[in-house]
Amino acid sequence: MQTSSFEPWNDPDARPLIRFRNVTKRFGSFTAIDNLSLDIYEREFFALLGPSGCGKTTMMRMLAGFEDPTEGRIELAGQDIAGIPPNRRAVNMMFQSYALFPHLSVWDNIAFGLRRDRKPKEEVAARVEEMLRLTRLENFAHRKPHQISGGQRQRVALARSLAKAPKLLLLDEPMGALDAKLRQQTQFELMDIQEKTGTTFVIVTHDQEEAMTVASRIAVMDEGRLIQVATPDRIYEEPESVYVADFIGEVNLFEGRVTPEGEGRFRVDWAEGQPPLVAASARSFAPGQACFLAIRPEKVAISAERPADADNAVQGRIHDIAYLGNLSIYHVQLPSGQIVKAQTSNTRRIARRSFTWEDTVWLSWTATAGVLLAD
């Protein structure tokens, strides 16, 4: 994620590089994008995140010039790009398949677009060498794509996409073909390259962890609409809807009715025979309003005894344990039947773990740990 000093979206004088203005895209009777407005700024690494069919790829295809909006307007650097063919836009697209030419060397793959634009030989050579250095591929310049690894092929595709110095680079699920460890390594390489070149990157992904790692901001989408656009930490810590809280990471959701109890403090009645929960929120709720209290598992403490000073404490039985090496996630079943997850760091060896299956435990959290959301 980029440093906190980079926040053009909070600067009223900053001009967006990309503007979607009331954009709708229909395919026959199906609405893929529904009256969507969005600003993306220069030098951003912007992520479009959502489930399959939410419209993120359609947005990318409209930016690339493969589709036109049915209604509304898309601007790039202040210019309406409707009707401008893909090859005339200052936009490049990197596909999940990488689409490299198998018969050409790495060097010639990177040079392809520059040669097609009839750039002078010396300029092509200098630019290709610069791209090889940037992507650390100097030693592979004369190999063919089948002679290098998946991660290296991905870097060739990136180098080729950046060779023509586009204002905007679109990345469509660029790490989908890589294994987990290589994907993590490549995410940091991508961030490094994006920062060095200053190119605006827009990435389409359904991988939340990927979006949270690389993006300056994330747009969470569903059914052709933007549900929330914010920095990764805001999306995770301050979701504005149950959909976003549930879509990003693990979350516990308590459904109930809210009663205001003084400045920014609320009581949540949630289950028959259970004491009410306490939550702090800057939002306003009407007495008796339906609500959800969303709490991340890492904010829930697990203990054998009821903590004396806890704002919230519920008792249950350990139903399941997910051991993830560095973490354990305890699935605790409450008397109501609801399962609540609590996450702990495994700082001790597994043989010395405090709790096991069927143990009765207390789960507790502070009033400020959860996020109170309207139904």
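None of the figures in this text is laboratory data; all of them are computed from the coordinates on show. This one's a predicted model, so the numbers in the text were calculated from it and none came from an experiment. Cβ placement follows ideal geometry from the backbone for every residue including glycine, while neighbour counts extend to all protein chains displayed.
Loop-located chymotrypsin sites (Phe, Trp or Tyr not before Pro) in region 303-375 (DSSP state not H, G, I, E or B) with no more than 16 neighbouring Cβ atoms inside 10 Å: 357. Of the chymotrypsin sites (Phe, Trp or Tyr not before Pro) in region 250-279, not one is in a loop by DSSP (not H, G, I, E or B) with at most 14 other beta carbons within 10 Å. Charges were assigned to the Cβ only: +1 to each Lys and Arg, -1 to each Asp and Glu. The resulting dipole of region 8-242 about its Cα centre is roughly 1200 debye. Close amide H pairs (under 5 Å, H built 1.01 Å from N) link residue 171 with 94, 202, 203, 204, residues at least 5 positions away or on another chain. Electrostatic bookkeeping for residue 285 treats Lys and Arg as +1 and Asp and Glu as -1; over the other residues with beta carbon under 12 Å from its beta carbon, the sum is +2.
Our helix-only sum for the chain, with -39,500 (n - 2.57) per DSSP H run of n ≥ 4 divided by its residues, gives a mean residue ellipticity at 222 nm of -7000 deg cm²/dmol.
Note on the chain: with a GNM built from Cα contacts shorter than 10 Å, the maximum mean-square fluctuation among 231, 205, 259 falls on 259. Pairs of Cα atoms nearer than 8 Å and 6+ residues apart set the relative contact order; for region 8-242 it is 28 percent. All other residues whose Cβ lies under 11 angstrom from that of residue 16 are scored, Lys and Arg at +1 and Asp and Glu at -1, for a net of -2.
Pick out, in residue order, every one of the trypsin sites (Lys or Arg not before Pro) in region 77-138 that is DSSP loop and has at most 16 other C-beta atoms within 10 Å; say none if there are none.
Answer in residue order: 118, 136.
Scanning the chain for GluC sites (Glu not before Pro) in DSSP loops with at most 10 other Cβ atoms within 10 Å, what's the longest stretch left with none? No qualifying site falls inside 1-262, the longest such stretch.
For the cross-link pairs 56/196; 25/164; 56/181; 119/167, the ones whose C-alpha atoms lie over 20 Å apart are 56/196; 25/164; 56/181.
Got the relative contact order for region 1-126 handy, in percent, Cα pairs under 8 Å and 6 or more residues apart?
Normalised by residue count, the contact order of region 1-126 is 21 percent.
Taking every Cα-Cα distance in the chain and sorting them into 20 Å bins starting at zero, the pair-distance distribution P(r) comes out as 24, 47, 25, 4 percent.
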